[in-house]
Amino acid sequence: MSDHSADAILAQAEAHWMSGEAQQAREAFRRARMLYHQAANAEGEANALILLGDFEADHDHWDEAGLAYAEARQLYTRLGDQHGQGNTLVRLGRLSQSRARIAEAEQYYQSAQEVFSAAGDMSGMAHVTKRRGHLARDQGRHDAALDHYHQALELYRRAGDTLGRANTLKGLASLHRRLGHADKAHQDFESARDLYAEAGDVLGEAAACRGLGHLLRQVGDHDGAVSALDAARHLYAAMGHLKAEAETRLELAEDLAPSDPGKARAHRKHAHDLFLRVGDVDQAAAITVD
């Protein structure tokens, strides 16, 4: 079977993932990995393993994710692909961070920084710096987090990396929101949204719109919150990300309940049906549908 067939199966796996079809996604990721291996395409196999690891991490299957990342790292090392090695080390650090293994996460980030620095990979260096910002933010070291985010933004700017800047601005906006800096958070969410659109990252644009909606709700801008959340809902629907669409519809229902109970009810019903489609029976059961 050709690499094109493996590519197609990998694309199917990602579509299953966004549609909430977990077992189909897992099987497709593994099949794509096997086909790349049979074709002696180490780069394709490593990429499939990275996506499989991301999928398992998204479902809190830490050991499975760690195994996939470790195998990908071995392939990138064999290929001499420093960018791939660095990105895998960052993912291992993020996985350790999710498991509250802070010292281990720091070690992975430091190793990634060294690999990216040796390769002269400025976007990679920015990526590690951004992740360190997330780590500092989660530990409550807000000043350090702000410093890391601003350093990452400068590195991404110098590298001409639009998507990297968007991701960092979204993280910075979330931190400003947490610190009560509503104006700065608003500006950063809007800037991130525009950069995601420029880069063609629809899911990133949706996430920025959703974050903006949460902020506007927090500051009492009801109409603005509904507008931003509705934009996010449309974007998630366009990409087939059913779970995120369902979650956003529930948020819209909450905001619309006082002013438009009929529309709020319709959003709850649609969210209920979407959760059932992705197999989240508990979440669906928690929704009151009149």
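Here are the criteria: (1) closer than 21 Å to A197 by Cα; (2) more than 21 Å from the chain's Cα centre (by Cα). Tell me which single one A173 does not satisfy.
(2)
Go through the range 37-66 and give me each residue that's modelled with pLDDT under 95, within 16 Å of A13 (Cα to Cα) and in a helix (DSSP H, G or I).
The answer is D58, and nothing else.
Tally time: how many residues in the range 51-76 are surrounded by 22 or more Cβ atoms within 10 Å (Cβ to Cβ) and hydrophobic (A, V, I, L, M, F, W, C)?
The total comes to 6.
Would you please name the residue that is nearest to A237 (Cα to Cα), looking only at residues in the range 20-43 that are under 21 Å from the mean Cα position of the chain (by Cα) and crowded, with 18+ Cβ neighbours inside 10 Å?
Checked the range 20-43; the qualifying residue nearest to A237 (Cα to Cα) is G20.
So which residues in the range 100-121 are within 21 Å of the chain's Cα centre (by Cα) and surrounded by fewer than 19 Cβ atoms within 10 Å (Cβ to Cβ), if there are any at all?
Across the range 100-121, the qualifying residues are A100, R101, I102, E106.
From A232, A207, A238, A246, grab the single residue that is of a type in the set (A, V, I, L, M, F, W, C), in a helix (DSSP H, G or I), surrounded by fewer than 17 Cβ atoms within 10 Å (Cβ to Cβ) and modelled with pLDDT of 95 or more.
Within the list A232, A207, A238, A246, the selection yields A238.
Between G86, G93, which is in a helix (DSSP H, G or I), under 27 Å from H241 (Cβ atoms) and modelled with pLDDT of 95 or more?
Exactly one residue qualifies, and that residue is G93.
Starting from the range 171-193, take each residue that is more than 14 Å from H150 (Cβ to Cβ) and list its partners that are of a type outside the set (D, E) and not in a helix (DSSP H, G or I), counting only C-beta distances under 7 angstrom and pairs at least six apart or across chains.
Pairs found: A182/V219.
Quick check on this structure: which one of A264, A257, A284 is farther than 27 Å from W17 by Cα, touching a residue at least 12 places away in the same chain (Cβ under 8 Å) and out of contact with any Lys or Arg (no Cβ under 7 Å at 6 or more places or on another chain)?
Of A264, A257, A284, the one residue that is farther than 27 Å from W17 by Cα, touching a residue at least 12 places away in the same chain (Cβ under 8 Å) and out of contact with any Lys or Arg (no Cβ under 7 Å at 6 or more places or on another chain) is A264.
Which of the following residues is within 30 Å of L235 (Cβ to Cβ), in contact with a Gly (Cβ under 8 Å, 6 or more places away or on another chain), assigned to a helix (DSSP H, G or I) and of a type in the set (A, V, I, L, M, F, W, C): V128, V115?
Matching residue, one of V128, V115: V128.
Can you pull out the residues in the range 127-152 that are over 10 Å from L172 (Cα atoms) and hydrophobic (A, V, I, L, M, F, W, C)?
V128, L135, A136, A144, A152
The values are calculated or read from the model by the stated rules, or taken from the named source; none is laboratory data. Here the structure is a predicted model, which means the values were calculated and not measured. Reconstructed Cβ throughout: ideal geometry from the backbone, glycine too, with neighbour counts over all protein chains shown.
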